[in-house]
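Working notes, structure below.
The values are calculated or read from the model by the stated rules, or taken from the named source; none is laboratory data. Given the structure is predicted, the values throughout are model-derived calculations rather than measurements. Please note: Cβ atoms are built from the backbone with ideal geometry, for glycine as well, and neighbour counts cover all protein chains shown. SASA here: full protein model, heavy atoms, side chains in, ligands and nucleic acids out. Shrake-Rupley method; radii C 1.70, N 1.55, O 1.52, S 1.80 Å.
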Amino acid sequence: MRDERVLITGARAPAALHLARLLHGAGCFVALGDSLRAAVSFASTACDAAVVLPSATGGGAAYGDALAQAITQHRITHIVPTCEEVFHLAGVWGTRDMRARLFAPGLDRLAQVHNKWQFIEIARGLGLPVPETRLLQSADDLAALRDRSTSLVFKPVWSRFGTDVQICPKTPKLTPSARFPWIAQDHVPGTLVSAYAVAHRGRVTALAAYHPLYRAGQGAGTAFAPVSDPAIADFIARFVAGTEWTGQISFDFIKDGAALMAIECNPRATSGVHLFNEPHSFAGAFFGGGAVKPDASGLHAVKLAMTIYGWWPALRSGTFGRYLQDLRSVNDVMVWPVDVAPRRQQWRAVAEIARIALRRRVSLQTAATDDIEWNGPD
């Protein structure tokens, strides 16, 4: 039994639900916070208190005030972010005296690794394998690469879920500037492998690597299978030690035989958290105990997301039969013993996001993150 009292933010995310189930199962008091009123985690038996917050991007001082009130009301000792609200939280913690520990680095360090150019520079400085990458801040920077654009991947420096990524285009469609910079990264052939880690003061305490076999477009994995790769473990251990990281951190790699290259970093939770199922050992990794290894096997998925995003790419690629087979056999991460309501809550959560998308005339993916995303200090 633990005495930590935790507020997990980003309650809309399946990762937040899984964190809540694990930490609650270890005896923690778990509050969950989000600006979406139908956030899937609010329906969980692991949710001891639901905290409706203002928008992180538009709430201003009200966002920090609501957090301070929740900390006092529920006697919170730790704040655990899951999505890009981590940047807004770090901004609050950097300017206010908050009576709970934020499980994340300061805003400057978060921004450095979230910045796709600065991440490459940090990794290269630590002697870690990364692709050749160029910073684009003007039309001249782009023009210098036009004759080799079909061997490059273009990405906004500040982005998430593969948004606006252009892979080996004949004619890149972007307008880089100092305020809205891009990177041009050598296209590396191979298989995408992702990893999720928890760290304390430069020491990895939990690590799960996985293949995102089905994805939402070019973005987040909706179905994923665990893998074991010593090269990934070594990369993350060296990066975490070199940055003295405390908090959650995730990476995307390209694996080609024995060769491994990191292409970007996300300083937040990702699907790898679903590969841990033992509450007490995982809570120990979170709160400074020993290291824990993932204990899940087989194909896992957010089955509703796999259904929504997976059928059309499978149909177009001629793999629809395999997709249906995987869909039938997959382990749905929303399913948990004696906690059945979140699976039903998914439909209410999707409906709320769909209403936002219709009102703002944006995609579901954009609507799902618009109030928490962070696009740089400016």
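Name the pairs: first residue in segment 182-198 and closer than 20 Å to GLU121 by Cα and in a strand (DSSP E or B), second residue of a type in the set (Phe, Trp, Tyr) and open to solvent by 40 Å² or more (accessible area, probe 1.4 Å), Cβ to Cβ under 8 Å, at least 6 apart or on different chains?
From residues that are closer than 20 Å to GLU121 by Cα and in a strand (DSSP E or B), the pairs are ILE183/TRP117.
Please verify whether VAL204 is modelled with pLDDT of 95 or more, open to solvent by 30 Å² or more (accessible area, probe 1.4 Å) and of a type in the set (A, V, I, L, M, F, W, C), treating the condition exactly as stated.
Details: modelled with pLDDT of 95 or more: yes; open to solvent by 30 Å² or more (accessible area, probe 1.4 Å): yes; of a type in the set (A, V, I, L, M, F, W, C): yes.
In short, yes.
Exactly one of these conditions fails for GLY125: (1) at pLDDT 95 or above; (2) surrounded by 15 or more Cβ atoms within 10 Å (Cβ to Cβ). Give me its number.
(2)
Could you say which residue among PRO279, PRO313, PRO294 is open to solvent by 20 Å² or more (accessible area, probe 1.4 Å) and touching a Gly at 6+ places or on another chain (Cβ under 6 Å)?
Going through PRO279, PRO313, PRO294 in turn, just one is open to solvent by 20 Å² or more (accessible area, probe 1.4 Å) and touching a Gly at 6+ places or on another chain (Cβ under 6 Å): PRO279.
Scan the helices (runs of 4 or more DSSP H) fully inside segment 3-118 and keep the ones with 1 or more residues being in contact with a strand residue (DSSP E or B) (Cβ under 8 Å, 6 or more places away or on another chain) and open to solvent by 10 Å² or more (accessible area, probe 1.4 Å).
Of the helices (runs of 4 or more DSSP H) lying wholly inside segment 3-118, those with at least 1 residues that are in contact with a strand residue (DSSP E or B) (Cβ under 8 Å, 6 or more places away or on another chain) and open to solvent by 10 Å² or more (accessible area, probe 1.4 Å) span 14-25, 61-74, 85-95.
Under 7 Å between Cβ atoms, at least 6 apart or on separate chains: pull out the pairs that start in segment 334-357 with a residue that is within 16 Å of THR307 (Cα to Cα) and end on any residue that is in a helix (DSSP H, G or I) and among the charged types (D, E, K, R).
Close Cβ pairs (under 7 Å, with a partner that is in a helix (DSSP H, G or I) and among the charged types (D, E, K, R)) amount to MET334/LYS303; MET334/ARG343; VAL335/ARG343.
To keep it simple, each residue is scored yes or no on (1) basic (Lys, Arg); (2) in a strand (DSSP E or B); (3) open to solvent by 40 Å² or more (accessible area, probe 1.4 Å).
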{"residue": "TYR210", "(1), (2), (3)": "no, yes, no"}
{"residue": "LEU213", "(1), (2), (3)": "no, yes, yes"}
{"residue": "THR222", "(1), (2), (3)": "no, yes, no"}
{"residue": "ALA225", "(1), (2), (3)": "no, yes, no"}
{"residue": "PHE235", "(1), (2), (3)": "no, no, no"}
{"residue": "ARG238", "(1), (2), (3)": "yes, no, yes"}
{"residue": "ALA241", "(1), (2), (3)": "no, no, yes"}
{"residue": "TRP245", "(1), (2), (3)": "no, no, no"}
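Select from segment 210-244 the residues that are among the basic types (Lys, Arg) and within 18 Å of the chain's Cα centre (by Cα) and list them in ascending order.
ARG215
Please list, ordered by residue number, the helices (runs of 4 or more DSSP H) wholly in segment 299-378 having 3 or more residues that are more than 21 Å from TYR214 (Cβ to Cβ).
Once the helices (runs of 4 or more DSSP H) in segment 299-378 are filtered for at least 3 residues that are more than 21 Å from TYR214 (Cβ to Cβ), what remains is 341-360.
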